[in-house]
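For reference, the structure discussed in these notes is given below.
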Amino acid sequence: MSWEDRVRKVVPYTPGEQPKTDHVIKLNTNENPYPPSPKVAEALRNLKTDDLRLYPDPAASDLVHAVAKNYGLKDSQVFVGVGSDDVLAMCFMTFFHSKDPIFFPDITYSFYDVWADLLEIPYETKVLKADFGIDPEDYLAPNGGIVFPNPNAPTGQDLPLSRIERIVAGNPDSIVIVDEAYVDFGAETALPLLEKYDNLVVTQTFSKSRSLAGLRVGCAMANERLIKYLNDVKYSFNSYTMNRPTIALAKACIEDQAYFKSCCQKIVATREKTEDLLRKLGFILRDSKANFVFATHPERQAKEIFAYLKSRNIYVRYFDKPRIDNYLRITIGTDEEMETLAGALEDYFKRSEI
Ligand SMILES: *Cc1c(COP(=O)(O)O)cnc(C)c1O
C-alpha cells in the first residue's frame, strides 16, 4: 500500500471560465453587469486596517442582524457564510445525515452531486419533465432530504409557491432546502413558509442580484433550531469563515434596498429584450425567471455556437451533459452587451448559411 491509496480522490465541481484578458463580454457565470451599491464603496473607504489585527466576530452578528431585519426575521433564524456555496456545503453536512438518499433534479446546479459524493451522502436524481419543470409528486417518496434551486439552474424555470409548499408539507421528516440564488429576478421566495414549517431552509446569495460575487457572501434562513444545528457544525469546522471587511461591506450592501431593486428591474427588462432578440434569430427558449436564459437552436449545434462566440470574445456557458448538450446558458448583461451578442449571432448565422 502506498500513500496514494490512503488519499481521498474526488471529481471536483468545474466553475465557469474566468478569462484573463480584458475586453471580453462575460455572460458565462451569471454575474451582475452592474457594480454593487455605492454604499459598499463608502463602507470600503471607512474600513480601518488596524482592525485587521483582530479576529472577526465568528457569528458575523452585524451582518446576521442586517439580513434578518431585511427579511423581517429574528437574528436566530439567519446563518451567513462565504458565498452560498459555503452555506449549502454546511447545510449538506448538517441536514443530510441519513442512510436514505437525498433527492434533487437530474438537471440542476452541478455542485449538489459533488457535495453529496464528497460527504458520502447517498442521492437519487429526479428526472425533470420534458418541459424541464420540477414535478412536486416526484419528491414525495421517503428520502434523506431534498434540495433544488428556485428558479432552477440552468433552466431558469421557477416553481410557484404552492408547489414548493407541497414538497415541504409532504416531507415533514426530512429537511427541504430551497436554493434561491436567482429568486430576486422574478420568482416567489419560500421565506413566508418558514412560519408554518420547521423543516424548510432557504438559501440566498449576494453574488447575483447584489453584484458581490467577488466578496463571497451567502445566507440561510430557517427556524432557530435548524440554524443552531448549522452553527454547531460550522464552529466544529472553521469558526472564523467571514472576514471583517466582508461583514462590513455585505451589511452596507443589504441595507441599500432601493439600489438592489433598481438593478434587478434593469436586468429583468434586459432579459425580456434578450428573449425577443434570440427568438427572432430562431432560438427556442422558455421565459426565464433568472438573470440568464437557457436557449437551444433547432438548426445549429449549441457547442458550435458556443465556440464561435468565444472566438468573438463573448463567453456563454455550454454544458456537455445528457439532455442539455444542445443548449446555451446565457447570462443577462447590459443592454449594450446583449445587442453585441445578438449582432455576433447574426454574423454567425449569415456566415454559416453560405
Ligand atoms: C451561483 C449559485 C450558487 C452559489 O453562489 P455563491 O457565489 O457561492 O453564493 C448557489 N446555487 C446556485 C443554483 C447558483 O447558481
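Might you let me know whether the range 10-26 holds any residue that is under 25 Å from Gln265 (Cβ atoms), open to solvent by 40 Å² or more (accessible area, probe 1.4 Å) and not β-branched (Val, Ile, Thr)?
Yes: one or more hits.
Any residue at all in the range 120-136 that's in contact with a helix residue (DSSP H, G or I) (Cβ under 6 Å, 6 or more places away or on another chain) and within 12 Å of the ligand (Cβ to nearest atom)?
No.
Considering each residue of the range 162-181, count those that are away from the ligand (no atom under 16 Å from the Cβ), touching a strand residue (DSSP E or B) at 6+ places or on another chain (Cβ under 9 Å) and aliphatic (A, V, I, L, M), and give that number.
Going through the range 162-181 one residue at a time, the tally reaches 3.
Taking into account only those residues within the range 105-146 that are in contact (Cβ under 8 Å) with a residue 60 or more places away in the chain and closer than 19 Å to Val11 by Cα, which is most open to solvent (accessible area, probe 1.4 Å)?
Filtering first and then ranking leaves Asp117.
Here is a check on your reading of the model: is Ile102 closer than 30 Å to Asn313 by Cα and crowded, with 18+ Cβ neighbours inside 10 Å?
no
Please name all residue pairs, on different chains or six or more residues apart, with Cβ atoms under 8 Å, provided the first residue is in the range 16-33 and is free of Cβ contacts under 8 Å to residues at least 60 places away in the same chain and the second residue is within 16 Å of the ligand (Cβ to nearest atom).
Partner pairs satisfying both residue conditions: Gln18/Thr29.
Can you tell me which of (1) within 21 Å of Phe292 (Cα to Cα); (2) at pLDDT 95 or above; (3) away from the ligand (no atom under 16 Å from the Cβ) is the one Asn32 doesn't meet?
It fails just one condition, (3).
If the requirement is being assigned to a strand (DSSP E or B), within 13 Å of the ligand (Cβ to nearest atom), closer than 30 Å to Pro56 by Cβ and not assigned by TED's automatic domain parsing to the domain that holds Glu275, which of these qualifies: Val114, Val147?
Val147
Among the candidates Ala60, Ala68, single out the residue that is surrounded by 15 or more Cβ atoms within 10 Å (Cβ to Cβ), touching a strand residue (DSSP E or B) at 6+ places or on another chain (Cβ under 7 Å) and without any contact (Cβ under 8 Å) to a residue 12 or more places away in the chain.
From the options Ala60, Ala68, the qualifying one is Ala68.
How do the pairs read when you match residues in the range 182-211 that are at negative phi and within 11 Å of the ligand (Cβ to nearest atom) with residues anywhere that are open to solvent by 40 Å² or more (accessible area, probe 1.4 Å) and β-branched (Val, Ile, Thr), using Cβ under 8 Å and keeping only pairs 6 or more apart or on different chains?
Val183/Thr189
When the residues of the range 151-203 are narrowed to those that are assigned to a loop (DSSP other than H, G, I, E, B) and among the aromatic types (Phe, Trp, Tyr), which ends up most open to solvent (accessible area, probe 1.4 Å)?
Only one residue tops the list, namely Tyr197.
The values are calculated or read from the model by the stated rules, or taken from the named source; none is laboratory data. Treat the numbers as computed from the prediction; the structure is a model and nothing was measured. With ideal geometry, Cβ positions are generated from the backbone for all residues, glycine too; neighbour counts draw on all protein chains shown. Ligands, DNA and RNA are excluded from the accessible area calculation, which covers all protein heavy atoms including side chains. Shrake-Rupley method; radii C 1.70, N 1.55, O 1.52, S 1.80 Å.
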